[in-house]
Amino acid sequence: MVVSEKVRGFHASGSAIRKMFDEGLRLKERFGEENVADLSIGNPGFPPPRAFSDALRRVAAAPSMHAYMPNAGFPDVRERVADSLRTRGLLPGAKAEHVVMTTGAAGALNVTLKTLLEPGDEVIVIRPYFVEYTFYIDNHGGRMVQVESAPDCGLDPQAVAAAIGPRTRAVIVNSPNNPSGRVYGPDELDGLAGILRQASTRYGHPVFLLSDEPYREMVYGERAFVSPASRYENSFLCYSWSKTFSIPGERIGYVAVHPELQTSDWPLLMGALSMCNRFLGFVNAPAFMQRVIAESLDAEPDFAHYEVKKDLLCAALRRGGYRFAEPEGTFYIFPETPGDEADFIARAKEKLLLVVPGSAFGRPGHFRISFAAPETTVRLACRLLVELNA
Ligand SMILES: Cc1ncc(COP(=O)(O)O)c(C=O)c1O
C-alpha cells in the first residue's frame, strides 16, 4: 500500500462536502450547469469588495515585493491588522507583536494547534462542527473530543465543562457557525469563559480557546457579532478573508493572540507560532496578498445579495414544511431532514439538488444548504426543496 492506513481511512470517510462538490461537477457536465442546484460547498465566487480590487491593481504596479519576509509576515501588515482588531473592539490591546499572518483560517488553526499540542492532548469541538477540524487536530497528534451544543445549536457551557479533563488543551468555537448559522451571544460566551477559567485553575494549566471566525462580518438582523476571543484571555483568534471578501483561493488570514494570555515567555510563544508557519510548509502567508489586504482590510463588503438568497430559501423551506432555524450569520442553513437523512440526500440528488448531510458535521438528521451560489441556482433549489417535501 502506498497510502498510509490512517490517510486511507480519512480518504474513505473524508470530507462529504468535497465529495458532494466533485459530484456536482460530474452532474453539471452531464445535465448542464443550469439544471443542477449545487448548494454543497461554501465557495463564494462573487466579486471581492471594490477596495480590494483597487488595491490589487495598485500593488501589482508597485516595485517588486515577492521575496521572503519574517515568517510571521510583513511587520507593517501585522500592525495594520492589529490596529483594525483594536479599533473595531474585536481584540482590545492587540499589537503587531500579537499577530502572525497565515494562509487562511485553515493555516491559522494548524499553526496554533501545532504550537500548543503535546501528543494525546485533547481538543474539544462543539457539534455540529466544521469537519476539517478532525484532520487539523490529528495533524498535530491531538485527540478530538466532541461535545453536543444546545438544541438550537447554541453553546452549552455545562456540556463543555463535563467534557474537560486533565488532558484538555483547547476548545475550538466557531461563531458565526458553519453549518448552523448560529452567532453566539455575550452571555453564552461569558458562560464558556467562566467554565474555561475554572477548568484552568482545577488542572493547573490554561485550557485555551481557539476562536475560528472567518464569517465574522456576515451577520444578519439584530444580532451583533462578539468575538469569543475578546471574552477570554487565554485565546487565539483565527481569521481569514476567504469568505467575507470572496477570495478563498487566495489563502490569506491570520492568528492573533489575546494580549493578556497567560505566558511567562511571549517571545517564545510568538516565535513558535511563526516557526510553525514555516515548519508546516506554509513558510509565510502570500506576500502579494498581505500587501493587498493591508490596503483594503477595512472595506465593508456588501452582503445584501446573501440576505436576499437567505430569505428566498427560508421562505421555500417554510412553504415546504421543513423544521429549521433562520441563520443569524454565514451563508448556510441547517434544516432537519424530513425522514431518514441518507434517503433525503439521495432523493435530493436524483432531482439534481446537492446539499451536505448533517452527519458530516456530527449532527445526523439534518442537511446543510450553502447559499454561496448564484441567485438563479438558489431559485432552482427553492423549487426543488418544496417539491421534495410535497
Ligand atoms: C468554520 C470554518 N473554519 C475554517 C475554514 C477554512 O477557511 P480558509 O479557507 O480561510 O482556510 C472554513 C472554510 O470553509 C470554515 O467554514
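Here, each number is a calculation from the coordinates, and none is a lab measurement. Values in this document were obtained by computation on a predicted structure and should not be read as measured data. Reconstructed Cβ throughout: ideal geometry from the backbone, glycine too, with neighbour counts over all protein chains shown.
Couple of notes before you dig in:
- Three-way shape label, region 102-246, alpha-carbon gyration tensor, a/c 1.5: oblate
- Of the chymotrypsin sites (Phe, Trp or Tyr not before Pro) found in region 191-220, not one falls in a DSSP loop while having at most 11 other beta-carbon atoms within 10 Å.
- Cα pair distances of region 252-390 binned at 5 Å [whole percent]: 2, 8, 14, 15, 11, 9, 10, 11, 11, 7, 3, 1, 0
- Charged side chains reduced to their Cβ positions (Lys and Arg at +1, Asp and Glu at -1) give region 52-296 a dipole of some 420 debye around its Cα centre.
- Contact order normalised by residue count of region 171-248, Cα under 8 Å, 6+ apart, percent: 35
- Measure of compaction for the chain (Cα Rg per 2.2 N^0.38 Å): 0.98
- Pairs over the 24 Å Cα-Cα cut-off, from the set K309/K351; K6/K351; K6/K243; K309/K349; K243/K351: K6/K351; K6/K243; K243/K351.
- Calculated FRET value between R383 and R26, using beta carbons and R₀ = 25 Å, to 0.05: 0.70
- Projecting the Cα atoms of G281, Q158, L317 onto the charge dipole of the chain, computed from C-beta unit charges around the Cα centre, puts G281 farthest toward the positive end.
- When both bridge partners sit in the chain, DSSP labels roughly 40% of those beta bridges antiparallel.
- Proximal charge balance of A82 [Cβ under 10 Å; K/R count +1, D/E count -1]: +1
- Spin-label model distance (nm) - R58 vs R127, 7 Å beyond Cα toward Cβ: 4.9
- Estimated 222 nm signal from helices in the chain, with DSSP H stretches of n ≥ 4 weighted -39500 (n - 2.57), rounded to 500: -12500 deg cm²/dmol
- Model label points for F10 and A224, set 7 angstrom from Cα along the Cα-to-Cβ axis, are 4.0 nm apart.
- Residue among F135, F31, F279 with the largest mean-square fluctuation in a Gaussian network model of the chain, springs linking Cα atoms under 10 Å: F31
- Size estimate for region 1-115 follows the Kirkwood approach: the inverse of mean 1/r over distinct Cα pairs works out to 18.8 Å.
- Ordering of 1-10, 338-347, 78-87 by burial proxy (mean other Cβ atoms within 10 Å per residue, highest first): 78-87, 338-347, 1-10
- Helical segments meeting 15 Å axial Cα length and Kyte-Doolittle 1.6 threshold in the chain (DSSP H): none
- Placing +1 on each Lys and Arg Cβ and -1 on each Asp and Glu Cβ, with no other charges, gives region 143-245 a dipole about its Cα centre of roughly 440 debye.
- Cleavage-rule hits (trypsin sites (Lys or Arg not before Pro)) in region 245-328: DSSP loop, at most 13 neighbouring Cβ within 10 angstrom: R323
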